Ligand code: ARG
């Protein structure tokens, strides 16, 4: 639809030049009510002062001058608005000619999912993975070359403790699963807190790990390998395309860290504070007004989370040629990323031409409205949530015949969780409520999946056609056609704003317009050109729902 809007804007601009000798952008906006047509311009109101004429009079002259009759009709309304109503043929063309967005020649790096080695993935990782997958799909559709970077937490002092604990116990690392690794971490923590000798040994072990001691690295690598294999299983269950090929963990930047400090030092950006090497940047102060540092190197000589993120920015710009870097991380890290971006810009690792964006998201809440925990106060694992969702969907589908019930239950259960996560503004918290998520009515995943499956059934019944939309008499048909023609615009808007809920809202609008269409426009029982045109409209709707759900990372079953 954006190309039609561009043509209409150009012609209205030309009309203004012709009529008044001045060029003014008509600034076409989607009409706020159906009776105002499809688009509106308030250019006459803006020109009124300049020209010293009544707005309505200007609007009349503009309408008389404009040559748009092949695409739309014009009408002057209210105080001097120009309403544009697209001709059915224009709407039909917008539905019949789906555009393929060309590449934009830009690279976007998306840092998301980011689970931690030796720990189960939890609901926070669910959000990052689901939002990150959707954004990668959308950015790719919008023409970007997308580079996924799974910044796995596989580095830090806790690994010194864990390796030392394994050696002390004589436990073979290769036999542990994730749950056992988590227990190992707890044991090493207790050991560390109670035994000063173990503290010294753990510290020495961290140094051995960072300097590449083969025995230490070997044990650490086993912990990493087992964890990554487990993450792969979770991604496969979730339907995420992430694999180990996308993992560039914190450890990957170990060798770069000394040069990060050297470069910052050479640029005069470091100050020693309490023995730690820190960067103090303008504009970052604590609540009491005291300056907030970025700690680049700790007083014990170790590098931390920030140093690694700085090295990652440098790598993404210098080696991956990122034009845009997107971090899908919960909102508690907002300050961290503001500081990293500012420091990376000051150090010239992040040029002005590369956009860096923190895609922050809120917390998943339990039924009590507090951060989601298990009944005994523990962390809720992502896998247990997905299991529960698929179980719920299985119950819902129990009496359905003639479908692959297991596959559909997976698509519906997981789709329901994903859609619930994506459909509200990501910065909001939301309550994890399975009943609401799997509901077949309202703005839910299963509702959209069902609309798609119903269309598939209708089209199968009608037999395959390669019909085109030719007649659009009914307002409900026109409304649906207008929405369908806006698919690319909706996706581009998400690529721009990084707000997936806008795509959800768009798809829900399509499904709602589809219901209204079913109500006033018989399809299979209609005849001739009306029938073939309506079938074509149904096929186009099905394609939009299918493609939209796929972009959101959901499966659209053909029957459910
Ligand atoms: N692993 C961290 C966590 O689970 C998130 C890492 C976010 N990404 C980054 N580049 N810092 O909390």
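The values are calculated or read from the model by the stated rules, or taken from the named source; none is laboratory data. None of these values were measured; they are calculated from a predicted model. Glycine also receives a Cβ, built like all others from the backbone with ideal geometry; neighbour counts cover every protein chain displayed.
Couple of notes before you dig in:
- Scanning region 181-204 for residues that are assigned to a helix (DSSP H, G or I), in contact with a strand residue (DSSP E or B) (Cβ under 8 Å, 6 or more places away or on another chain) and farther than 30 Å from residue 406 by Cα turns up nothing.
- Restricted to region 310-348, and to residues there that are in contact with a helix residue (DSSP H, G or I) (Cβ under 8 Å, 6 or more places away or on another chain) and more than 15 Å from residue 111 (Cβ to Cβ), the residue that is farthest from the ligand (Cβ to nearest atom) is 347.
- Total residues in region 131-179 satisfying the condition of being buried (at least 19 other Cβ atoms within 10 Å of the Cβ) and outside any strand (DSSP E or B): the figure is 29.
- Qualifying positions in region 114-124 - modelled with pLDDT under 95 and either more than 15 Å from the ligand (Cβ to nearest atom) or not in a loop (DSSP other than H, G, I, E, B) (or both): 122, 123, 124
- When every residue of region 54-62 is checked against the conditions, none turns out to be over 24 Å from residue 491 (Cβ atoms) and exposed (fewer than 13 other Cβ atoms within 10 Å of the Cβ).
- Scan of region 293-309 for residues that are within 15 Å of the ligand (Cβ to nearest atom) and more than 12 Å from residue 279 (Cα to Cα), ordered by number: 303, 304, 305, 308, 309
- Count of region 286-304 residues, restricted to those that are surrounded by 12 or more Cβ atoms within 10 Å (Cβ to Cβ) and either part of a strand (DSSP E or B) or in contact with a strand residue (DSSP E or B) (Cβ under 9 Å, 6 or more places away or on another chain) (or both), is 11.
- Of all the residues in region 146-160, those that are within 13 Å of the ligand (Cβ to nearest atom) and touching a strand residue (DSSP E or B) at 6+ places or on another chain (Cβ under 7 Å) number 6.
- Output for region 97-113, where each listed residue is out of contact with any helix residue (DSSP H, G or I) (no Cβ under 6 Å at 6 or more places or on another chain) and within 11 Å of the ligand (Cβ to nearest atom): 111
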